[in-house]
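Engineer: Here's a structure for you.
Read-outs: derived from the displayed coordinates by stated rules, not from any lab. None of the values given here were measured: they were computed from a predicted structure. Cβ placement follows ideal geometry from the backbone for every residue including glycine, while neighbour counts extend to all protein chains displayed.
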Amino acid sequence: MSPYKILVVSLSFALLAGCASQDIPDPDRDDSVYGSEDGANTDGMGGSGLGDGEAIDYDPTGGELTNIIYFEFDSSELRPDDADVVARHAMQLANSSHLSVRLEGHADERGSREYNIGLGERRSQTVRRLLLIQGASASQISTVSFGEERPAAMGSDEDSWAQNRRVEIKYTN
Amino acid sequence: MRRLLVTVCLISTFLTGVAQAELDIVITEGIKRRPIAIVPFGWQGSSQNIPLDVADVISADLTRSGRFAPIPRDDMLQKPTSGVDMDFDDWSILGVEAVVVGRVTQTGDDAYSVQFQLFDVFGRDQLVGYRMPASSSTMRRVAHRAADMIYEKLTGIAGVFDTKVAYVTAEERRNGRLYSLIVSDQDGENEYKIMESNDPIMSPAWSPDSRRLAYVSFEGNRSSIFIQTLRTGNRLQVSSKPGINGAPAFSPDGRKLVLTLGGVDGNLDIHVLDVNSRQSKRITTHRAIDTEGSWSPDGRYIYFTSDRSGGPQIYRVSANGGTPERVTFEGSYNARPRLSPDGSKLAMVHLDRGNYRIAVMDVERKDLLVLSAGSQDESPSFAPNSDTLIYATRTGRNGVLESVTADGLIRQRLASGQGDVREPVWSPFQRF
């Protein structure tokens, strides 16, 4: 699992609320909402001076087998060469029941963001179905789609888009 | 010469950073900007200077609307601070249609009274006058409120200067990308970061009372939906099922969320979640991608994107479920539907000759109007007055925000935020 941190910063509307409520009375106003206590200010590990480091994904194939599958535009079909790659991952999973994978689906940046989440998921599911057919068990596989939110290449051109339409097979233990 | 240019750029960038968030009007076509005078406000208080240049805030608001051209202060022949000192002839000579005068009076330690009056020069009459209490921290908002009243009186359209915008930013950092969820005033001032994460944040959605935001977070490499209360920063995880949890939108009564669930088999469908009971109901069952649900203002329908016909198109279904009906037929790609608060217009992302652009469909007449001019425009969101939309477009690698009137006549770029700015959502009217 890659490292993450979350910072929740309070957004205080209390002062504004006090002012505005004088000129526009709000019949639905719930006075308890206007308390004076400060908001939560939860900081993760930021500010400690420690670097965040970098997660290392476990790859039982020792890097011999690619774990990125690329897709054509508007397609969730595997290319013939990649079917073989997926088959070898399936064998890996079938032979080692303690292994599990997370399939991370991605789309290129074009079009609407949530629809692209759907396109990324469709690609993950193509890989998932193949893994299942070839002996992996459902409990070994989870899927997530990042849509266009985590591009591998940052450009807005055909080449970058091709690199971004992908499924990453990540071994999680 | 080249060095001089660079220096000028650096200085102007610096000024933008420390002074007001800058808004450039990119296009103003087919609209005559009406001359108006916003006279500097008078000040009566213990300190030398007025705590906030209220007239400047009002003037900036009206300028940004694209419909008014406030005259420079130096051109004013008189600077009255109340109606009794108005000489209408002086303003007639200048050709201004309307004059705003006002003053700020200190009434306590950190208490002020802000009053303004709007006069019609031709009719020699007061159109609206109002007095509002303020503190130093609320005075900017009071000024926006005054601008709202002035704008509505002069145009017949409700002003939206006293509203907020939420959006997501992504910045490249040394150790990866940092995603932030930001809330700011609609003029870009008062930015608050309400959440940040090294994992993506998506799809912010306002509650109808504008006190909460729902959003999608990928923390832990899985998607979940949270509802965060803005004032406290407290948040609640409301959906974290296996697979996709996405595209939340509040119902008009604020009690339900429409959202997209994918499940382990990855079949994205529209569901409705009761926020209090956490009971959810599946609304669509098609094996295609069904996502991006949003409610009609009367709460009867859910509009959503589906590619059941091949490419993505917009459909609507009864909020209780049933058979969806297709809404869009023009073009091969229509997604992310959002109805205007008055229910008359449907905004969407529309593929227009190879470019993804914001379009609005008239719900009655069904005709489609393309409003934006970029190639990767997305996330249209209506202002609460149904007159203006905000959306994200691209300049180079970065996303920036633009607003456009629903008739397409006034389009502006908003300079805001750091890094790649995306997914703006306009707040409802602030009722508190």
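Engineer: Suppose we filter the range B:322-364 for residues that are under 16 Å from B:Glu378 (Cα atoms) and in a strand (DSSP E or B); how many remain?
Structural biologist: 20
Engineer: So which residues in the range B:102-135 are in a loop (DSSP other than H, G, I, E, B) and more than 31 Å from the chain's Cα centre (by Cα), if there are any at all? Give the steps one after another, and end with the answer.
Structural biologist: Within the range B:102-135, the first condition is being in a loop (DSSP other than H, G, I, E, B), and the residues that meet it are B:109-110, B:121-124, B:135.
Passing the criteria: B:Asp109, B:Val121, B:Phe122, B:Gly123, B:Arg124.
Engineer: Can you say whether B:Val160 is away from chain A (no Cβ under 13 Å) and surrounded by fewer than 22 Cβ atoms within 10 Å (Cβ to Cβ), as far as the supplied structure shows? Reasoning before the result, please.
Structural biologist: Details: away from chain A (no Cβ under 13 Å): yes; surrounded by fewer than 22 Cβ atoms within 10 Å (Cβ to Cβ): no.
Criteria not met by B:Val160.
Engineer: Related question: Find the residue count for the range B:53-97, including only residues that are among the hydrophobic types (A, V, I, L, M, F, W, C), touching a helix residue (DSSP H, G or I) at 6+ places or on another chain (Cβ under 6 Å) and not in a helix (DSSP H, G or I).
Structural biologist: Residues in the range B:53-97 being among the hydrophobic types (A, V, I, L, M, F, W, C), touching a helix residue (DSSP H, G or I) at 6+ places or on another chain (Cβ under 6 Å) and not in a helix (DSSP H, G or I): 2 in total.
Yes/no per residue for (1) aromatic (Phe, Trp, Tyr); (2) surrounded by fewer than 21 Cβ atoms within 10 Å (Cβ to Cβ):
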{"site": "B:Gln106", "(1), (2)": "no, yes"}
{"site": "B:Phe116", "(1), (2)": "yes, no"}
{"site": "B:Phe122", "(1), (2)": "yes, yes"}
{"site": "B:Thr138", "(1), (2)": "no, no"}
{"site": "B:Ala143", "(1), (2)": "no, no"}
{"site": "B:Gly176", "(1), (2)": "no, yes"}
{"site": "B:Ser180", "(1), (2)": "no, no"}
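Engineer: Which numbered condition in (1) out of contact with any Lys or Arg (no Cβ under 6 Å at 6 or more places or on another chain); (2) surrounded by 22 or more Cβ atoms within 10 Å (Cβ to Cβ); (3) not in a helix (DSSP H, G or I) is the only one that A:Leu131 fails?
Structural biologist: All conditions are met except number (3).
Engineer: Hand me the list of strands (runs of 3 or more DSSP E) wholly inside the range B:247-298 holding 1 or more residues that are facing chain A (nearest Cβ under 10 Å).
Structural biologist: On the way: elements: B:256-261, B:269-274, B:280-282, B:290-295.
Output list reads B:256-261, B:290-295.
Engineer: Then there is this: State all residues of the range B:186-200 that are charged (D, E, K, R), in contact with a helix residue (DSSP H, G or I) (Cβ under 9 Å, 6 or more places away or on another chain) and under 29 Å from B:Asn245 (Cα atoms); if no residue qualifies, say none. Break it down into steps so the answer makes sense when it comes.
Structural biologist: Let us first name the residues in the range B:186-200 that are charged (D, E, K, R), namely B:187, B:189, B:191, B:193, B:196, B:199.
Checking the rest, the ones that are also in contact with a helix residue (DSSP H, G or I) (Cβ under 9 Å, 6 or more places away or on another chain) come to B:187, B:189, B:199.
Across the range B:186-200, the qualifying residue is only B:Asp199.
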